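The values are calculated or read from the model by the stated rules, or taken from the named source; none is laboratory data. Since the structure is predicted, the reported quantities are computational estimates derived from the model, not experimental observations. Here the Cβ positions follow ideal geometry from the backbone for every residue, glycine too, while neighbour counts run over all protein chains shown. Side chains are part of the model used for accessible areas, which takes the heavy atoms of the whole protein and leaves out ligands, DNA and RNA. Shrake-Rupley method; radii C 1.70, N 1.55, O 1.52, S 1.80 Å.
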Amino acid sequence: MADDIRALSAQLAQDPQSLVFLRLGEALRRKGQLDAAMRVATNGLERHPHLADAHDLYARILTDKHDYERAFDEWDMAVRIAPHHTGALKGLAFLYFKVGDLAQAEAHLEQARKVEPDDPSIDQAIAMMRKGTAPPAPTAATAESAPALASAPSATATTAAFDEARVFAGLEGAHEGLLLIDGAGRVLGGALKNGAGADVTDTVAAYLAGVSQEAARTAKLLGLGAWMGLSAEGQHGNVHLAHPTPQALLLVVRERGMPLGRLAILAQRATAMARRWLEKQ
Amino acid sequence: MSKALDLITRVRGVRGAMLVSAEDGLVVAEQLMEGIKGGAVAALAASLAGRLRRAMEAAGTGTSVFWHLQAEQGAILVVPGDATGGILVVAVAEPDVNIGLVRLELLRAAEAAI
Amino acid sequence: MSPQTRAVESWTLQPLTDFVREASVRLVLVLTPAGQVLAQSGFSRAVDVMSASALAAAIVASTGELARQLRQQPFAALSHQGPKTGFFLATFVTDRGTLVVLAVYDLDVSSLGLVQLFYEQLAADLKAATPKGAVPKQVLAADFERELTDSLNTLFGR
């Protein structure tokens with residue numbers, strides 16, 4: 001464990017923008033080094049204030065410190081950013097149970113079950129709560145099963161069955177400029193690297209779900225029908241976002257020199273490949 | 001400023017053009033065809049711009065200089081506010097609008113807005 | 001339905017739940033100008049609801065008086081924004097009398113534009129949902145404490 005912490009600290013020192021702070025904070029928390037975990041989490045939150053997983057981590061540390069009121073606010077914020085964040089939903093359920101509000105506790109667990117119907121820990125928690133026993137504290141439950149913890153093993157475990165490398169087989173940039181994610185921001189395939197060559201797959205995936213939700217809402221409320229694609233020119237690169245299926249999102253990133261029109265054509269090809277691949281799964 | 005918006009709305013297929021405060025999502029100036037809800041366009045375009053900016057920064061592409069949301073029955077085209085002192089230049093258009101032309105007029109309007 | 005949203009008067013619940021979801025606001029109160037709370041969302045402590053409702057009612061009363069002295073219609077909405085958080089306070093008239101909405105939002109996840117946009121929908125939905133023939137209830141000083149305790153118990157599910 002100490003070696004893990006050393007390795008993760010070194011990784012974070014090398015790339016302070018990375019999401020390694022989530023794993024480091026969690027490792028410190030599990031080791032009971034709560035003040036150190038708190039520093040890691042707050043630094044991470046300063047860099048990634050819109051990342052639901054960062055608020056979830058901070059809430060777990062606050063819960064360990066018995067600061068339930070602030071933990072509630074952090075989990076509440078996580079759910080506002082990512083309404084399907086099961087870790088935060090379970091955390092809120094735990095806090096509601098602690099104050100004796102069983103109806104709210106159960107409502108949150110039911111919400112979590114809708115998102116993760118195959119997660120046995122949620123059924124167990126509901127059953128225990130109905131018997132009057134406390135559901136598992138988020139210190140254990142969310143840490144081990146939080147599916148949205150982008151860098152945690154669980155996130156990759158849920159997609160381990162998919163052969164990521166083959167989603168975009170044969171397509172240029174399959175391992176650095178193409179990304180397929182599900183509606184909750186979890187990576188299904190492909191990978192992204194930034195200009196410096198650093199892997200930014202998980203960070204970008206976490207933000208994309210919010211972009212897609214907002215694009216869908218904008219198109220709907222302005223009476224434009226369903227959204228089909230979002231193209232953007234950046235200072236250092238261009239991107240195109242599409243959705244091969246209603247639940248999946250595809251991002252194509254290329255250097256600035258590739259015109260948006262060509263990028264859209266490339267995205268169409270990648271969309272077709274992703275759709276075929278998703279149908280096979 | 002109204003002249004710049006006027007040039008955008010002259011492009012065939014454009015149904016309205018606006019300047020929007022990126023931070024507040026409020027209308028600064030607008031020239032819209034009837035039936036387009038300026039307040040809603042401003043609030044939603046600013047919110048989407050903010051989320052897109054974070055994703056693009058994370059992807060290492062830098063802040064966006066132009067983006068375009070394509071939908072079945074229309075499109076939103078935006079020059080974001082980073083280069084224009086926090087003002088978004090927004091066009092609402094038909095789905096088959098000439099995107100290149102609107103992009104040029106939006107960039108011109110953004111220059112005029114600085 | 002958002003689990004953090006509670007209502008003393010059930011007809012306010014769905015409009016408020018929709019508003020909280022769409023505008024991504026952190027805290028909301030729906031109250032009368034006298035400070036009687038009809039619904040809340042996001043508050044975890046009764047004492048916060050009590051102080052926020054009293055302060056909101058006081059602001060509505062003082063700006064209303066200011067408008068009266070300036071011979072104007074009462075101000076429709078008031079907005080303040082800090083570096084991280086903003087609040088929005090507005091009134092509208094229903095069959096049940098004037099209602100006040102206080103919304104607190106984080107600038108990270110929402111904006112004044114979004115709050116205003118979905119507030120308009122909230123006001124329209126609440127007007128439509130107001131029970132027909134409802135008469136604004138006068139709260140007597142003698143009943144006030146009991147009413148307040150009952151409301152807070154309902155708002156916090158006790």
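Of all residues being more than 14 Å from chain C (Cβ to nearest Cβ) and without any contact (Cβ under 8 Å) to a residue 60 or more places away in the chain in region B:11-35, which is surrounded by the fewest Cβ atoms within 10 Å (Cβ to Cβ)? Just the residue, please.
Let us first name the residues in region B:11-35 that are more than 14 Å from chain C (Cβ to nearest Cβ), namely B:11-17, B:29, B:31-35.
Next cut, without any contact (Cβ under 8 Å) to a residue 60 or more places away in the chain only: B:29, B:31, B:33-35.
Numbers: B:A29: 17, B:Q31: 17, B:M33: 10, B:E34: 6, B:G35: 8.
Ranking the qualifying residues of region B:11-35, first place goes to B:E34.
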## Note on the structure
Of the conditions (1) within 30 Å of A:A105 (Cβ to Cβ); (2) open to solvent by 70 Å² or more (accessible area, probe 1.4 Å); (3) not in a helix (DSSP H, G or I), the single one that C:F75 does not satisfy is (1)
### Message
Restricting to region A:38-73, name every residue that is β-branched (V, I, T), in contact with a Leu (Cβ under 9 Å, 6 or more places away or on another chain) and surrounded by fewer than 20 Cβ atoms within 10 Å (Cβ to Cβ).
### Response
none
### Query
What is the one condition in (1) farther than 24 Å from C:A23 by Cα; (2) free of Cβ contacts under 8 Å to residues at least 24 places away in the same chain that B:D96 does not satisfy?
(2)
### Task
Kindly check whether there is at least one residue in region C:88-109 that is assigned to a helix (DSSP H, G or I), within 14 Å of chain B (Cβ to nearest Cβ) and within 23 Å of B:K37 (Cβ to Cβ).
no
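Quick one: in region A:10-19, which of the residues that are part of a helix (DSSP H, G or I) and open to solvent by 50 Å² or more (accessible area, probe 1.4 Å) is farthest from B:A55 (Cα to Cα)? Give the derivation first.
Quick first cut of region A:10-19, residues part of a helix (DSSP H, G or I) only: A:10-14.
In the following step, the residues that additionally are open to solvent by 50 Å² or more (accessible area, probe 1.4 Å) were identified as A:10-11, A:13-14.
Values: A:A10: 25, A:Q11: 22, A:A13: 22, A:Q14: 21 Å.
Filtering region A:10-19 for residues that are part of a helix (DSSP H, G or I) and open to solvent by 50 Å² or more (accessible area, probe 1.4 Å), the one farthest from B:A55 (Cα to Cα) comes out as A:A10.
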### Task
Could you please find all residues in region C:115-156 being open to solvent by 40 Å² or more (accessible area, probe 1.4 Å), at pLDDT 65 or above and in a loop (DSSP other than H, G, I, E, B)?
C:P131, C:K132, C:G133
### Task
Would you mind telling me which numbered condition in (1) over 22 Å from A:R276 (Cβ atoms); (2) free of Cβ contacts under 8 Å to residues at least 40 places away in the same chain; (3) among the hydroxyl-bearing types (S, T, Y) A:T203 fails?
(2)
### Query
In region C:7-26, how many residues are in contact (Cβ under 8 Å) with a residue 24 or more places away in the chain, farther than 24 Å from A:A82 by Cα, open to solvent by 20 Å² or more (accessible area, probe 1.4 Å) and part of a helix (DSSP H, G or I)?
1
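If you scan region B:69-87, which residues turn out to be away from chain A (no Cβ under 13 Å), touching a residue at least 40 places away in the same chain (Cβ under 8 Å) and of a type outside the set (G, A, S)?
The first filter runs over region B:69-87 and keeps only residues away from chain A (no Cβ under 13 Å), leaving B:81, B:84-87.
Retained after the next criterion (residues that are touching a residue at least 40 places away in the same chain (Cβ under 8 Å)): B:81, B:86-87.
B:I87 - this is the single residue of region B:69-87 that is away from chain A (no Cβ under 13 Å), touching a residue at least 40 places away in the same chain (Cβ under 8 Å) and of a type outside the set (G, A, S).
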### Task
For residues that are at the interface with chain B (Cβ under 9 Å from one of its Cβ atoms) and over 20 Å from A:R23 (Cα atoms), tally how many sit in region A:194-211.
6
## Note on the structure
Taking region A:240-262 and keeping only residues that are free of Cβ contacts under 8 Å to residues at least 60 places away in the same chain, within 11 Å of another protein chain (Cβ to nearest Cβ) and under 18 Å from A:M273 (Cα atoms), one is left with A:H240, A:L241, A:A242
